[in-house]
Amino acid sequence: MNILYLPLDERPCNYRYPNDIASTNSNVQLIRPELDKLGLKKQEANFTNIKAFLEEHCDNHTTIICSIDMVVYGGLIPSRIHHYQFLELEARLMYLQQLKEQYPKLKIYGFSSIMRTPSYSSSDEEPDYYEQYGEQIYKRKAILDKIARLGDCEQLNSELNAIDVPDEIIKDYEQRRATNLQINRKVLELVKSTVIDHLVIFQDDSAPYGYTAIDQKNIKDYIHQLNLDFKVDIYPGADEVGCSLLSRAYNEANAIQNKIYVEYSSINGPQLTPLYEDRPMYETLKSHIDVTNSIIVESPAEADYLLMINAPGEKMQESWDQFEQRDRTYDSHRNLKYFVAKIKYYIDLGKKVAIADCAYANGCDIELIRLLDELNLLDKIYGYTGWNTHANTLGTVISTMQITEGINHELITNNINHIIEAGFYQAIVRMDITKNTLSKYDLNYFDLKQHQATIVNLEIEQLSKLYKQLNISEKYPLQLLEVLHPWNRMFEIDVNIKI
């Protein structure tokens, strides 16, 4: 099965992860544009290159997994900073309709973002003025939304009066949001006219009040108005959606509806609202299962796959807090040793078990990795990771377990890659180097300047040492470990390994 894949942007999570998953199945080939055709962070991809890629590979047997943000804006970050008018963006979007008219049997799986509003001040992925006014922009609209929904009150008005953002900045920000909302409504109309066969509208860094919540309601209302409830999914997530739609495309092409049994490491897990999301874990899980054309079942006996979700005890923390500042409920409201013993029990029964490590944000639970390694389970699972957000992790693992043909070399390589990248780098090495090394070279978290090679050498040294502490390293020693910071910042790395 050949699938054209147009990613959200050029970062590894969007460009490489879906391809890594596809590599675990000999019947799936993902065809991607060359990396240098996809822009670079705030530099948008050239629409001419995107159009040429699609024209080169399309025919009536083609399936496309397509980022609307890439087609329309040239990538995710460009969608937040552009100055295009609606009509120009609409013309790019309508190219998909031209393709469908030319190839009526073409299958298009699209995904599009609701523009986020971070609660902190940083211009790393936002307009320049977000460095100074970002937190205030977020708070201002959240307060106005609360007043509109909950009623006027003295405290909220006092908080609102304390915020001072120039009118021209609010105008610029809201004009762009309005344009992007228009595009999303137009995308829904393309679903209605069957140009797009299935659509995911994702919420990046969701919050219950403010711009994103308001836009979400607008879009949901339009979905209901157009009777598209079974053609459109809308839920928290972002960089994992390409993986999720890969599963859906594969499952629909093969008339598969997988049955998935789910078990959490803590009794509170299903009801907890994770960091950066706006709803309980279990509600997000249902969306991430449903988008792949799968269902949740109530017992392991009737399931095709078992998804074991590592959750916090009572509240989620950042991964780097697990060593010295870990909340006590990670121990008192969760029995991780029992959770791992249960995983072994299921594997010993011959069940296909995958693990979504969602106990922390922005990195894996190192204790879980070590316990799994102690019982020699790391090369017996159908998918593992724990990166960035709860939704990012769910989408990646759920896709992996459904696509892979079984426990093969490619799958084990992917799992080890995630242990190194999402585990050791995100939870340990990233913070260590940020705290203890960057200042020596006059660097900061968002800019490694000309010293990336120096930082990478330190990272490789630390990551290799941490991996060698695992039992699995004796069975699968690293023949190659390469590291790259694609956006020249500490937040993410691209890891290439051979075992």
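The values are calculated or read from the model by the stated rules, or taken from the named source; none is laboratory data. Computed from a prediction, not measured in an experiment: that's the story for all the values here. With ideal geometry, Cβ positions are generated from the backbone for all residues, glycine too; neighbour counts draw on all protein chains shown. Note: accessible area is taken over every heavy atom of the protein model, side chains too, but ligands, DNA and RNA are not part of it. Shrake-Rupley method; radii C 1.70, N 1.55, O 1.52, S 1.80 Å.
Direction-averaged shadow area of the convex hull around the Cα atoms of the chain, nm²?
Values: hull surface 93.8 nm².
Average of the hull's projected areas for the chain equals 23.5 nm².
I'd like to know which of His390, Met401, Phe339 lies farthest towards the positive end of the charge dipole of region 290-410, counting +1 on Cβ of Lys and Arg and -1 on Cβ of Asp and Glu.
Phe339
Using Cα pairs closer than 8 Å and at least 6 residues apart in sequence, work out the relative contact order for the chain, in percent.
Values: 901 pairs, mean separation 63.2, N = 499.
Dividing the mean separation by the residue count of the chain yields 13 percent.
Quick check on region 351-498: what are the equivalent-ellipsoid semi-axes from the Cα gyration tensor, as sqrt(5λ), descending, whole Å?
The answer is 27, 16, 13 Å, longest axis first.
Run the simple label-point estimate for Lys468 and Lys220 please: 7 Å along Cα→C-beta, distance reported in nm.
The answer from the label model is 5.2 nm.
When Lys and Arg each count +1 and Asp and Glu each count -1, what net charge do the other residues less than 14 Å away from Pro12, Cβ to Cβ, add up to?
So the environment of Pro12 carries a net charge of -4.
Report the antiparallel proportion of the DSSP beta bridges in the chain as a percent, rounded to a multiple of 5.
Values: 7 of 47 bridges.
Expressed as a percentage, antiparallel bridges in the chain total about 15.
Note the full-extension length gain between Lys449 and Asn227 as 0.36 nm times their separation in residues minus their Cα-Cα distance, in nm to one decimal. Walk me through the numbers on the way to the answer.
Working: separation 222, 0.36 × 222 = 79.92 nm, distance 5.01 nm.
Taking Lys449 through Asn227 to full extension adds about 74.9 nm, to one decimal.
For Cα pairs less than 8 Å apart in space and 6+ apart in sequence, what is the mean separation divided by the residue count of region 168-234, i.e. the relative contact order in percent?
It comes to 39 percent, rounded to a whole number.
Ranked from highest to lowest mean number of other Cβ atoms within 10 Å per residue, what is the order of the peptides 97-105, 409-417, 354-362?
Going from most to least packed, we get 354-362, 409-417, 97-105.
Say the dipole of region 110-264 comes from +1 at the beta carbon of Lys and Arg and -1 at that of Asp and Glu; which of Ser122, Ala213, Gln132 then lies farthest toward its positive end?
Projecting each Cα onto the dipole axis, the largest value belongs to Ala213.
Send over the per residue convex hull volume for region 376-426, Cα only, as a whole number of Å³.
Residue-normalised Cα hull volume stands at 64 Å³.
Can you tell me the relative contact order of region 314-378? Whole percent, Cα pairs under 8 Å, sequence separation 6 or more.
Computed over region 314-378, the figure is 43 percent.
Where in region 399-416 does the label zone of Lys498 land, with the point 7 angstrom along Cα→C-beta and an amide N cut-off under 18 Å?
409-416
Rounded to the nearest Å, what's the spacing between the alpha carbon centres of region 177-219 and region 457-474? Just the number, please.
About 42 Å separates the Cα centre of region 177-219 from the one of region 457-474.
Per 0.36 nm of contour for each residue apart, how much would the distance between Tyr103 and Ile147 grow if the chain were fully extended, relative to their Cα-Cα spacing?
Difference between extended and current length: 10.9 nm.
For Gly383, list long-range residues whose amide hydrogen, built 1.01 Å from N in the peptide plane, is under 5 Å from its own amide hydrogen.
Ile355
What order do Asp331, Asp278, Asp124, Asp36 take when sorted by accessible area (1.4 Å probe), most exposed first?
Ranked list, largest accessible area first: Asp36, Asp331, Asp278, Asp124.
Which residues does the label zone of Asp327 cover in region 355-380, counting backbone N under 20 Å from a point 7 Å along Cα→Cβ?
Zone members listed by number: 356-369.
Using label points projected 7 Å from each Cα along Cα→Cβ, tell me how many nm separate Arg279 and Ile256, to one decimal.
For the pair Arg279/Ile256, the computed spacing is 2.6 nm.
Less than 11 Å Cβ to Cβ from Leu371, Lys/Arg counted +1 and Asp/Glu -1: what total charge do the surrounding residues give? Display every interim value, and only then the final one.
Numbers: positive: Lys337, Lys344, Arg370; negative: Asp365, Glu367, Asp373, Glu374.
Overall, the nearby charge balance is -1.
Once amide H atoms are built 1.01 Å from N in the peptide plane, which residues 5 or more positions from Ile201, or in another chain, come under 5 Å H to H?
Ser112, Asp233, Ile234, Tyr235
Please give the charge dipole size of region 105-145, origin at the Cα centre, charges +1 on K and R Cβ atoms and -1 on D and E Cβ atoms. Round to the nearest 20 debye.
About 460 debye.
Computed over the Cα atoms of region 342-406, what is the ratio Rg over Rh, Rh following Kirkwood? Each step should come with its number before you reach the end.
Values: Rg = 11.6 Å, Rh = 12.1 Å.
Answer for region 342-406: 0.96.
More than 19 angstrom separation, counting every C-alpha pair in region 278-437; what % is that?
Numbers: 6792 of 12720 pairs.
Across region 278-437, Cα pairs with separations above 19 Å total 53 percent.
Along each principal axis of its Cα atoms, how long is region 109-239 end to end? Whole angstroms, biggest number first, please.
For region 109-239, the Cα extents along the three principal axes come out at 48, 34, 23 Å.
What do the square roots of 5 times the Cα gyration tensor eigenvalues come to for region 260-364, in whole Å, largest first, as semi-axes of the equivalent ellipsoid? Mind dumping the intermediate values first?
On the way: eigenvalues 111, 60, 22 Å².
Semi-axes (√(5λ), whole Å): 24, 17, 11.
Be a star and scan region 234-274 for residues whose amide nitrogen sits under 14 Å from the point 7 Å along the Cα-to-Cβ vector of Tyr338.
Only 264-269 fall inside the zone, counting backbone N under 14 Å.
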